[in-house]
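The next block holds one structure in the form of structure tokens; read it before the comments.
The values are calculated or read from the model by the stated rules, or taken from the named source; none is laboratory data. Computed from a predicted structure; not experimentally measured. Here the Cβ is made from the backbone with ideal geometry for all residues, glycine too, and neighbour counts use every protein chain on show. Keep in mind that these areas ignore ligands, DNA and RNA; they rest on the heavy atoms of the full protein, side chains included. Shrake-Rupley method; radii C 1.70, N 1.55, O 1.52, S 1.80 Å.
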Amino acid sequence: MHPLAGQGVNLGFGDVICLINSLRESQRAGSDIGSSIYLKKYESERQSEAYIKVLGIDMLNRLYTHHNYPS
């Protein structure tokens, strides 16, 4: 994550919350907490969240650092 975004800690908090929810879901289902089914679901959710943020921040960074001004 680009420091311009200041979103690293927010993504980290989201990771923790999502992981806790995945572990609880696994536990309620009687599965092993290391079950790949639940961990892959966690991974997929977090990757999509991070991807959206990274795209948005990258667009803002490109907008404000673009040096090809019209003449």
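Residues of the stretch 20-34 that are surrounded by 12 or more Cβ atoms within 10 Å (Cβ to Cβ) and of a type in the set (V, I, T): I33 alone.
Of the set (1) modelled with pLDDT of 90 or more; (2) in a helix (DSSP H, G or I), all apply to S31 but (2). Quick one: which of I37, I17 is part of a helix (DSSP H, G or I), at pLDDT 95 or above and open to solvent by 90 Å² or more (accessible area, probe 1.4 Å)? Result of the check over I37, I17: I17. Go through (1) modelled with pLDDT under 85; (2) open to solvent by less than 100 Å² (accessible area, probe 1.4 Å); (3) in a loop (DSSP other than H, G, I, E, B) for V54 and report which single condition fails. Against the list (1) modelled with pLDDT under 85; (2) open to solvent by less than 100 Å² (accessible area, probe 1.4 Å); (3) in a loop (DSSP other than H, G, I, E, B), V54 comes up short only on (3).
If only one of S26, S44, S22 is out of contact with any Phe, Trp or Tyr (no Cβ under 9 Å at 6 or more places or on another chain), modelled with pLDDT of 85 or more and assigned to a helix (DSSP H, G or I), which one is it?
Values: S26 fails: out of contact with any Phe, Trp or Tyr (no Cβ under 9 Å at 6 or more places or on another chain); S22 fails: out of contact with any Phe, Trp or Tyr (no Cβ under 9 Å at 6 or more places or on another chain).
Checking each option against the conditions leaves just S44.
Residue count for the stretch 57-71, restricted to those that are free of Cβ contacts under 8 Å to residues at least 24 places away in the same chain and either open to solvent by less than 60 Å² (accessible area, probe 1.4 Å) or assigned to a helix (DSSP H, G or I) (or both): 5.
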